[in-house]
Amino acid sequence: MRIAVVGTGYVGLVSGACLAELGFETWCIDKDGQKIEGLKQGIMPIFEANLEDVVVSNHEGGRLHFTTSMVEAIPEADVVILAVGTPDNPDGSVNLEAVFAAGRLVAEHLQGSTVVVTKSTVPVGTSRALYKAMRAVNPDADFETASNPEFLREGEAVKDFMCPDRIVIGVASPRSAAVLQRLYRPQQLAGVPLEIADPETAELTKYACNSFLATKVAFINDVADLCEAVGADVRQVGRGMGLDTRIGPKFLQPGPGYGGSCFPKDTKAFVRMGEACGRPQRIVEAVVEANGARKRNLIHAVRRACGGSLADKRIAVLGLAFKPDTDDVRESPALDLVPALVQAGAEVRAHDPCAIEMAKSALEGTTLAYCSDVWTCLEDADAVVLLTHWQDYLTLQWGKVAATMRGKTLVDFRNVLDPVAVTGSGLEYNCIGAGPLPAADPARQAIAAAE
């Protein structure tokens, strides 16, 4: 079976490389010639754990090919996967121009029986609309369209493709179902469930999943605010909730708000779909608003920790990516907090293991210092703010941190640091949903040490 993947962005490159790893002859197509030439040389356009190894080994092994030419890749393909960008419009709806443009180009070059699969996240009805658009271009082509939404977590994408929780395909005929079952047979043999549905159900499943997970994030963040008001500890509340098997522990860790390429865009699109159908998605509407407010209000927590004013304070920000193990800064909380700190009169220094170049573009016009070394970032800082829980930060020597800083304030927006180790070094520990750890409280120290 020969596979063609249109688009070498995050989803397309991971999907193409992993399909080659599964043994399929795979062609990745992109109109960006510079990116394609870079991939041929093993230069990755994104940072993703283990992706470079998979790309390089399969390219050198002759299973993974890169090209800018539809003619070279499409005619012999049994499956064509569309993995192009689907950005949101200003009103929150999904911009499908790239999907339909790619589909029409593919249609021009189809030969033989082909299943054209939409892996990009698209609204309900896209698969059938795409079929009509492609049929108009090539009325005689032997093809069908199908939906196969991706469920890849940034930082875990290779693992998620190779060993997913489930695979969802939306098909209009048994023929397409058989082709995609063959495509994913290696995972099925490993016990991965494969859910076969109609295209509309598959398309909606992706949005429903991300909207529900985003709801859990927004919920626990609101609970954290309540905990601060009543003197409770959200860390223990989250653990108590997560032990209920009906709820589970995942996505119940408070933080600075969700970001990235999926949750913000998909929740807004889910709301717009509901509005268009006259079925308002009121819970998700509230989630979108709550998450936006969460990120806007981060500045208040830093100001409180710094004694009420940020003027002329040097603030060290650790982490610019929206999550660890990726260089993606899209909708990162840093994009809200850093400009707010600067506007409040603070001198900002920022560090991230991978995302500095991406952040420079996203924060263009904001005056701050980007530090390639974490200790340079911390030097003479009045306060340090942990925004992204990279492993590099979790293993910092807090005594050295305290000696490097000018002030003693630390704000942990991820609730991941050891409060005992931090306060033992002489720093003031501030986190979400709980007050500073009392030095003389052995019970709370025992709880923190056990985390």
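Numbers at a glance
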{"read-out": "Proxy reagent accessibility, fewest Cβ within 10 Å first, across 91, 327", "value": "91, 327"}
{"read-out": "Sites residue 185 and residue 76, calculated FRET efficiency, Cβ-Cβ separation with R0 22 Å, nearest 0.05", "value": "0.60"}
{"read-out": "Equivalent ellipsoid semi-axes - Cα gyration tensor, region 2-197, angstrom", "value": "23, 19, 18"}
{"read-out": "Student exercise, region 206-296 dipole from Lys, Arg, Asp, Glu Cβ charges, in Debye to nearest 20", "value": "340"}
{"read-out": "Net charge over other residues, Cβ less than 11 angstrom from the Cβ of residue 371 (K, R count +1; D, E count -1)", "value": "-2"}
{"read-out": "Other-chain or far-sequence residues with amide H under 5 Å of residue 347's (modelled H)", "value": "312, 313, 314, 315"}
{"read-out": "Binned Cα-Cα distances of region 206-296, short to long, each 5 Å bin given as a whole percent", "value": "3, 15, 23, 22, 18, 12, 6, 2, 0"}
{"read-out": "Relative contact order %, the chain, counting alpha carbon pairs below 8 Å whose residues are six or more apart", "value": "11"}
{"read-out": "Those aspartates and glutamates that a straight Cα-Cα span of less than 17 Å connects to residue 313, excepting residues fewer than 8 apart in one chain", "value": "347, 379, 380, 382, 428"}
{"read-out": "Helix 97-108 axis, angle to the chain major axis (alpha carbon atoms, nearest 10°)", "value": "20"}
{"read-out": "Under 12 Å, Cβ to Cβ, from residue 325 - net charge with Lys/Arg +1 and Asp/Glu -1", "value": "-4"}
{"read-out": "Extended-chain gain in nm, criterion 0.36 nm per residue less alpha-carbon gap, residue 282 and residue 97", "value": "63.8 nm"}
{"read-out": "Label-point gap, in nm, between residue 304 and residue 198 - each point 7 angstrom along Cα→Cβ", "value": "5.0"}
{"read-out": "Which labelled figure in (i) 23.7; (ii) 23.0; (iii) 25.2 is Kirkwood radius over Cα pairs in Å, once derived from the coordinates", "value": "(i)"}
{"read-out": "Footprinting exposure proxy for 159, 313 (fewest neighbouring C-beta atoms within 10 Å first)", "value": "159, 313"}
{"read-out": "Those Cys residues of the chain for which no other cysteine Cβ falls under 4.7 Å", "value": "18, 28, 163, 209, 227, 262, 277, 306, 354, 431"}
{"read-out": "At R0 = 56 Å, FRET efficiency that the Cβ-Cβ distance of residue 418 and residue 275 yields, to 0.05", "value": "0.80"}
{"read-out": "Prolate/oblate/rounded call for region 23-115, Cα gyration tensor, a/c under 1.5 rounded", "value": "oblate"}
{"read-out": "FRET E, pair residue 372, residue 244, Förster distance 30 Å, beta-carbon r, rounded to 0.05", "value": "0.10"}
{"read-out": "Square roots of 5 times each gyration tensor eigenvalue, C-alpha, region 298-450, largest first, Å", "value": "25, 17, 14"}
{"read-out": "In degrees, nearest ten, helix 126-137 long axis to first principal axis of the chain (Cα)", "value": "40"}
{"read-out": "Neighbour-count order for 354, 18, 431, 277, fewest beta carbons within 10 angstrom listed first", "value": "277, 354, 18, 431"}
{"read-out": "Proximal aspartates and glutamates relative to residue 268, as straight alpha-carbon distance under 14 Å, when same-chain residues fewer than 8 apart are discounted", "value": "88, 91, 285, 289, 331"}
{"read-out": "For region 206-296: relative contact order, % (alpha-carbon pairs under 8 angstrom, 6 or more apart)", "value": "36"}
{"read-out": "Relative contact order (%) - region 298-450, alpha-carbon pairs under 8 angstrom, separation at least six", "value": "21"}
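Rule-based calculations on the coordinates, nothing more; no lab input. What you are looking at is a predicted structure, and each value in this text was computed from that prediction instead of being measured. All Cβ positions, glycine included, derive from the backbone under ideal geometry; neighbour counts span all protein chains shown.
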